[in-house]
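Novice: Got a structure for you, questions after.
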Amino acid sequence: MVEDDFRIAVFVQRALVQAGYAVHAVADGWAALEAAETVPPDLVVLDVMLPGLDGLEVARRLRANLGVPILMLTARDAVGDRVQGLDAGADDYLVKPFALEELLARLRALLRRREVDAAGRHRGVLTVANVQLDQNARVATRGGRRLELRHLEFELLAYLMRHPGRVLSRREIFEEVWGYDFLGDSNVIEVTLGHLRQKLEAEGPRLIHTVRSVGYVLREGDR
């Protein structure tokens, strides 16, 4: 856990220990990188506003060297701030002040997803239109050109490709891809979907369509 607010750090660390986690808490970005290199963690809870090296840069460096899940904490609730966190490599974010129960639920979900990924639940190659997804090699292409997808973008595309032509609700997507109960007010789906659409549409026409008030569907054409 990387948190420079002493009161928050003590509160969260105590709660995590009571929940059965072994916690290594540090108060700045450089200490976080050193700790992660010394003993690679199973998960990182990372504040954005840190002295020395901010949380966004810490996330970028962790993502470049480790496959560890990152939950980012931020006091800023604007969409642009959340987008920055996801772009930096965070798997999820939580806005301060937050409910402890929600933090614990999100951590459990991130760890469950990591276990599922390690077990290789979904294997094989998926193909829809001219998009191909190799779930073993974790390689996505469109029209033969490789798509550089982040972890959650890949998982979201894989879920949509496993259900082509079917309208999937935000609840279904949230619970399957993010792994925890739908919270109603999170726009993390829209942010991740926006990045995924940009990368897909750079190589061809739109495949992921919004069905107003319902959800999203992967299909060819605008019908």
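The values are calculated or read from the model by the stated rules, or taken from the named source; none is laboratory data. In this text the structure is predicted, and so the values were computed from the model without any measurement. As a convention, Cβ positions derive from the backbone with ideal geometry for all residues, glycine included, and neighbour counts pool all protein chains shown.
Novice: Please work out which one of (1) surrounded by 15 or more Cβ atoms within 10 Å (Cβ to Cβ); (2) touching a helix residue (DSSP H, G or I) at 6+ places or on another chain (Cβ under 9 Å) is the condition Gly67 fails and give its number.
Specialist: (1)
Novice: Surrounded by fewer than 18 Cβ atoms within 10 Å (Cβ to Cβ) and more than 20 Å from Asp92 (Cβ to Cβ), is that true of Gln18?
Specialist: Yes; evaluated as a whole, the condition is true for this residue.
Each row is one residue, and each column tells you yes or no for (1) among the basic types (Lys, Arg); (2) under 28 Å from Leu156 (Cα atoms).
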residue	(1), (2)
Arg7	yes, no
Glu34	no, no
Pro40	no, yes
Gly55	no, yes
Arg63	yes, yes
Leu66	no, yes
Gly80	no, yes
Ala99	no, yes
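Novice: Report yes if some residue within the stretch 98-105 is within 22 Å of Asp47 (Cβ to Cβ), in contact (Cβ under 8 Å) with a residue 24 or more places away in the chain, in the same structural domain as Met72 (by TED's automatic domain parsing) and of a type outside the set (A, V, I, L, M, F, W, C); otherwise report no. Spell out the reasoning first.
Specialist: Keep residues of the stretch 98-105 that are within 22 Å of Asp47 (Cβ to Cβ), which gives 98-105.
If we keep only those that are in contact (Cβ under 8 Å) with a residue 24 or more places away in the chain as well, we get 98, 100, 102-105.
Imposing the further condition that a residue be in the same structural domain as Met72 (by TED's automatic domain parsing) reduces the set to 98, 100, 102-105.
The next check asks that each one be of a type outside the set (A, V, I, L, M, F, W, C); those that pass are 102.
Within the stretch 98-105, one or more residues are within 22 Å of Asp47 (Cβ to Cβ), in contact (Cβ under 8 Å) with a residue 24 or more places away in the chain, in the same structural domain as Met72 (by TED's automatic domain parsing) and of a type outside the set (A, V, I, L, M, F, W, C).
Novice: Of everything in the stretch 66-86, what is part of a helix (DSSP H, G or I) and free of Cβ contacts under 8 Å to residues at least 12 places away in the same chain? Give them in sequence order. Even if it seems obvious, please write down each step before you answer.
Specialist: Step one: of the stretch 66-86, the residues part of a helix (DSSP H, G or I) are 79-86.
Listed by number, the list holds a single entry, Gly80.
Novice: Sticking with this one: Across the stretch 121-156, which residue is surrounded by the fewest Cβ atoms within 10 Å (Cβ to Cβ) among those that are of a type in the set (Gly, Ala, Ser) and within 19 Å of Pro205 (Cα to Cα)? Walk me through it before giving the result.
Specialist: Of the stretch 121-156, the ones of a type in the set (Gly, Ala, Ser) are 124, 129, 137, 140, 143-144.
Those left that are additionally within 19 Å of Pro205 (Cα to Cα): 129, 140, 143-144.
On the way: Ala129: 17, Ala140: 24, Gly143: 10, Gly144: 8.
Result: Gly144.
Novice: Here is a further query. Being more than 28 Å from Arg60 (Cβ to Cβ) and touching a residue at least 24 places away in the same chain (Cβ under 8 Å) is the filter here; which residues of the stretch 142-160 pass it? Steps first, please.
Specialist: Restricting attention to the stretch 142-160, the residues satisfying the condition of being more than 28 Å from Arg60 (Cβ to Cβ) are 143-144.
The answer is Gly143, and nothing else.
Novice: Here is a further query. Evaluate the following for Asp28: is it of a type outside the set (A, V, I, L, M), over 27 Å from Val177 (Cα atoms) and in contact with a Leu (Cβ under 6 Å, 6 or more places away or on another chain)? Show your work before the answer.
Specialist: Numbers: of a type outside the set (A, V, I, L, M): yes; over 27 Å from Val177 (Cα atoms): yes; in contact with a Leu (Cβ under 6 Å, 6 or more places away or on another chain): yes.
Here the answer is yes, as Asp28 does meet what is asked.
Novice: List the number of the failed condition for Ala19; all other conditions in (1) on the phi > 0 side of the Ramachandran plot; (2) more than 20 Å from the chain's Cα centre (by Cα) hold.
Specialist: Exception for Ala19: condition (1).
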